[in-house]
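Participant: If you scroll down you'll find the structure; I have some questions about it.
FYI, it's all coordinate maths here, none of it is from the lab. Quantities reported herein were computed from a predicted structural model and do not represent experimental measurements. Glycine gets a Cβ as well: all are built from the backbone with ideal geometry, and neighbour counts include every protein chain shown.
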Amino acid sequence: MNPEARYRIEINDRARVLRVGGGETLLSTLKREGISLPSACGGRGLCGMCRLKVLKGGTEVTAAERKKLGEAGLASGLRLACQLRVEGDLEIEIPSALLGGKDFRARVEHIEALTHDIRAIRFRPPADLDFSFRAGQYIQITIPPYAEVKTETARAYSLASPPSQRETFEVYVRRVPNGIVTTYLFEHLREGMELEISGPFGDFFLRESDRPIVCIAGGSGLGPIQSIIQDMIDRHLSRPTQFFFGAVNLRDLYRVEFFRGIEADHSWFRYIPALSGKEADHPYERGLITEVVERKTGTLLEHEAYLCGSPGMIEACLRVLQAKGLPEERIYFDKF
Amino acid sequence: MTTPNLEEVQARMQPGVITLHGFLGHDPRPLAEILAEDNMTVAKHMVTHQQIASALRRLADAARNDLEREVLVEGRYRVTVRNDRGLLPSPWGDGLFEKGEMVVIDPTTGHTFRFNALSLHMIEAHGFYGGRGSPYRLDPLALLEALDLQPLGTTITDLRKH
């Protein structure tokens, strides 16, 4: 046994047991052992994405944890992996949706402008890496320091390519005003560069059932829905599926012909793009996406819904879907 | 709750820490001075930071459900609200706030205001409007002109102290 491996970390009731040297945060320690937890704040205890349950052991709770987790969260055993230092044995529980994450460098193979503010970035992972994921999951992209950004910075992006596309994978990224990572991806990233990737993560994926499906997306949220629908085609699933895509103006629409093609080839699929802006000369549905869903669907008692978009869109869609009888437990969306 | 260390707060406001451009623009002054000057401006007009933040929030809330479509609010303001996934931490360490951008255009005065949930929090809780030269500075005088706020009574104890 390595004499420097002083401490024992038991994960998920000894599903995995690590022997580590200690002295680092649990987040860094797990990463070193090949278990990547998501983190969007550089380990400052701000984003809460690295939360897990500590059943036994653990250093003193930090002020950042008190703020982020609250007394109720702390009382239930939640801790932030970036705040807890490994200075003794630990028993921890990590959500299974986070356990599959790998760390690797991937080469940027292609960058394409999809709209005025959305880009597709295609990556090629190392040839010897088995990068498999469920349609709907996300990865974390870490960019290097640049300009006035002095540290590496990570953000989560949903995968837009289907799992069957084994040699490369794609994300769709929408530029965020004053955003640290999207500014880098739009202004500095070039084909041929490499970036640090972690993942896949997340429990946003198509559930196994026979229920009809409503998908609603806006902006770059089209990406994971596209992945799910392509995966359905690859797996010969033919559950009745309606895909509502909302945008403001014509310049915000993309992949229209792609989805029209799926509609033409697969009778179980309907694609309904909608524009809420003032432009008059177009063939698409008119109004907010919530208004279009309201008038184009009947009761949704038996359906499942998959939502991907801004928090505002998701809030608005939840209200409409629940009013149509869709129970909350069958409405899925990424909570990040 | 311990009093925040303004030097630490100012460090977190630098470009590249929380946002690309940070919150201070080219303002060379210590944060305490920036806060004091804007505090004095607001106090002279007998309104509060909370009134200003509430007025902006009211306009943004009126457009939130329009999912980035521009809305005419109160028959005067053209408002667009965009929100993005992810959260921004307050430089004061007192919360996480939705990413995004709210734009309020007031054709009456010609002013345009760009802000987000974090900006509103920093005005409301700390009287912080951004440093000079910051593309996201919300000038208190311009806000007072555009928002038609009514002064409170004569006391200045409504104002938050730093």
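Participant: For the range A:3-92, what is the relative contact order in percent, using Cα pairs closer than 8 Å and at least 6 residues apart in sequence?
Facilitator: Working: 171 pairs, mean separation 34.2, N = 90.
Relative contact order, the range A:3-92: 38 percent.
Participant: With a sphere of radius 13 Å drawn around the Cβ of A:GLU33, what net charge do the other residues whose Cβ falls strictly inside it have (Lys, Arg +1; Asp, Glu -1)?
Facilitator: Net of charged neighbours comes to +3.
Participant: Semi-axes of the equivalent ellipsoid of the range A:167-210: what are they in whole Å, largest first, if each equals the square root of 5 times a C-alpha gyration tensor eigenvalue?
Facilitator: On the way: eigenvalues 150, 47, 19 Å².
Its equivalent ellipsoid spans semi-axes of 27, 15, 10 Å.
Participant: Suppose each label sits 7 Å from its Cα in the direction of the beta carbon; what would the A:ARG124-A:ARG6 distance come out to in nanometres?
Facilitator: Between A:ARG124 and A:ARG6, the label points sit 4.6 nm apart.
Participant: Round to a whole angstrom and tell me the spacing of the C-alpha centers of the range A:214-240 and the range A:96-171.
Facilitator: What the calculation gives is 18 Å, centre to centre.
Participant: Using the Kirkwood radius over Cα pairs, work out the Stokes-Einstein diffusion coefficient for the range A:90-223 at 10 °C and 1.306 mPa s, in µm²/s as a whole number.
Facilitator: 100
Participant: Cα atoms only: what Rg and Dmax, in Å, come out for chain B?
Facilitator: 15.4, 44
Participant: Mind telling me which of A:LEU129, A:LEU69, A:LEU189 comes out most flexible in a GNM of chain A, alpha-carbon contacts under 10 Å?
Facilitator: A:LEU129
Participant: Related question: Give the order of A:VAL108, A:VAL20, A:VAL292 when sorted by the count of other beta carbons within 10 angstrom, beginning with the fewest.
Facilitator: By the 10 Å Cβ count, ascending, the order reads A:VAL108, A:VAL20, A:VAL292.
Participant: Determine which lysines satisfy two conditions relative to A:LYS296: a Cα distance under 19 Å, and not lying fewer than 8 residues away in the same chain.
Facilitator: A:LYS324
Participant: What percent do you get for the relative contact order of chain A when only Cα pairs under 8 Å and 6+ apart count?
Facilitator: 14
Participant: Okay, next question. Per residue of chain B, what 222 nm ellipticity follows from adding -39500 (n - 2.57) for every DSSP H run with n ≥ 4, rounded to the nearest 500?
Facilitator: Helix-only estimate at 222 nm: -10500 deg cm²/dmol.
Participant: At 0.36 nm per residue, and after removing the present C-alpha to C-alpha distance, how many nm does the segment from A:ARG107 to A:ARG14 gain when stretched out fully?
Facilitator: Length gained between A:ARG107 and A:ARG14: 29.9 nm.
Participant: 5 Å is the cut-off here: which amide hydrogens, built 1.01 Å from N in the peptide plane, fall below it relative to B:PHE97, excluding neighbours closer than 5 in sequence?
Facilitator: B:LEU88, B:SER90
Participant: Put a dot 7 Å past each Cα toward the Cβ at A:GLU196 and A:SER76; how far apart are the dots in nm?
Facilitator: 3.0
Participant: Then there is this: Determine the shielding of peptide A:179-186 by partner chains: average, over its residues, the number of Cβ atoms on other chains within 10 angstrom of each Cβ.
Facilitator: The mean count of partner-chain Cβ atoms within 10 Å per residue comes to 3.
Participant: Still on this structure: With equal scatterers on the alpha carbons only and no solvent term, can you work out the Debye log10 of I(q)/I(0) for the range B:13-101 at 0.14, 0.15, 0.16, 0.23 1/Å?
Facilitator: Evaluating at q = 0.14, 0.15, 0.16, 0.23 Å⁻¹ gives log10 I(q)/I(0) of -0.72, -0.83, -0.93, -1.21.
Participant: Note down the relative contact order for chain B as a percent, whole number, built from C-alpha pairs under 8 angstrom at least six residues apart. Kindly include the intermediate steps, with their values, before the conclusion.
Facilitator: Working: 257 pairs, mean separation 44.2, N = 162.
Once normalised by length, the contact order is 27 percent.
Participant: Next question. Nearest 20 debye, what's the magnitude of the dipole of the range B:1-134 about its Cα centre given +1 on Lys and Arg Cβ and -1 on Asp and Glu Cβ?
Facilitator: 260
Participant: Also, I was wondering about something else. Averaged across the residues of A:149-159, what count of C-beta atoms belonging to other chains lies within 10 Å of each residue's C-beta?
Facilitator: That works out to 2 on average.
Participant: Under a Cβ-Cβ limit of 4.7 Å, which cysteines in the protein assembly as shown have nobody to pair with?
Facilitator: Those would be A:CYS50, A:CYS82, A:CYS215, A:CYS308, A:CYS317, since no other cysteine Cβ in the protein assembly as shown comes under 4.7 Å of theirs.
Participant: Specify the residue with the greatest mean-square fluctuation among A:SER220, A:SER198, A:SER238, computed from a Gaussian network of chain A linking alpha-carbon atoms under 10 Å apart.
Facilitator: A:SER238
Participant: Still on this structure, please answer the following. Antiparallel DSSP bridges in chain A: what percent, to the nearest 5? Before the final figure, lay out the partial values.
Facilitator: Numbers: 42 of 68 bridges.
Taking every DSSP beta bridge within chain A, about 60 percent pair in antiparallel fashion.
Participant: Using +1 at the Cβ of each Lys and Arg and -1 at the Cβ of each Asp and Glu in chain A, identify which of A:GLY223, A:ALA274, A:MET49 lies farthest towards the dipole's positive end.
Facilitator: A:MET49
Participant: Take the Cα coordinates of the protein assembly as shown, assign each an equal point scatterer, and use the Debye formula without solvent to give log10 I(q)/I(0) at q = 0.07, 0.08, 0.10 Å⁻¹.
Facilitator: Normalising to I(0) and taking log10 leaves -0.43, -0.56, -0.87.
Participant: Report the normalised scattering of the range A:153-229 as log10 I(q)/I(0) at q = 0.17, 0.25, 0.27 Å⁻¹, calculated by the Debye formula with identical scatterers on the alpha carbons.
Facilitator: -0.80, -1.44, -1.53
Participant: At 222 nm, what value in deg cm²/dmol follows for chain A if DSSP H runs of at least 4 each add -39500 (n - 2.57) and the sum is divided by all its residues, to the nearest 500?
Facilitator: So the helix-based figure for chain A works out to -6500 deg cm²/dmol.
Participant: Under a crude label model (7 Å from the Cα following the beta-carbon direction), how far is A:SER132 from B:GLU74 in nanometres?
Facilitator: Roughly 5.8 nm, to one decimal.
Participant: Relative to 2.2 N^0.38 Å, what does the C-alpha radius of gyration of the range A:186-283 come to as a ratio? Two decimals please.
Facilitator: Against the compact-globule rule of thumb, the ratio is 1.27.
Participant: Then there's this: Are there any helices in chain A, counted as whole DSSP H runs, that stretch 24 Å or more along their axis by Cα and score at least 0.0 on average by Kyte-Doolittle, and if so which? Please report the intermediate quantities before stating the final value.
Facilitator: Numbers: long enough: none.
Helices passing the filter in chain A: none found.
Participant: I would also like to ask the following. What is the set of long-range amide H partners of A:LEU159 at a cut-off below 5 Å, with H atoms built 1.01 Å from backbone N?
Facilitator: A:GLY136, A:GLN137, A:TYR138, A:ILE139
Participant: For a quick check, take a GNM of chain A with Cα springs below 10 Å and name the residue from A:PHE205, A:PHE131, A:PHE258 with the largest mean-square fluctuation.
Facilitator: Highest fluctuation among the options: A:PHE258.
Participant: Just to confirm a number: summing +1 for Lys and Arg and -1 for Asp and Glu over residues other than B:GLU70 whose beta-carbon lies under 10 angstrom from that of B:GLU70, what do you get?
Facilitator: Counting the neighbours of B:GLU70, the net charge comes to +1.
Participant: How large is the charge dipole for chain A, taken about the Cα centre, if only the Cβ atoms of Lys, Arg (+1) and Asp, Glu (-1) carry charge, to the nearest 20 debye?
Facilitator: I would put it at about 460 debye.
Participant: Could you tell me the calculated FRET efficiency between B:LYS44 and A:ASP203, based on Cβ-Cβ distance and R0 = 56 angstrom, to the nearest 0.05? Mind dumping the intermediate values first?
Facilitator: Values: r = 53 Å, r/R0 = 0.95.
About 0.55, to the nearest 0.05.
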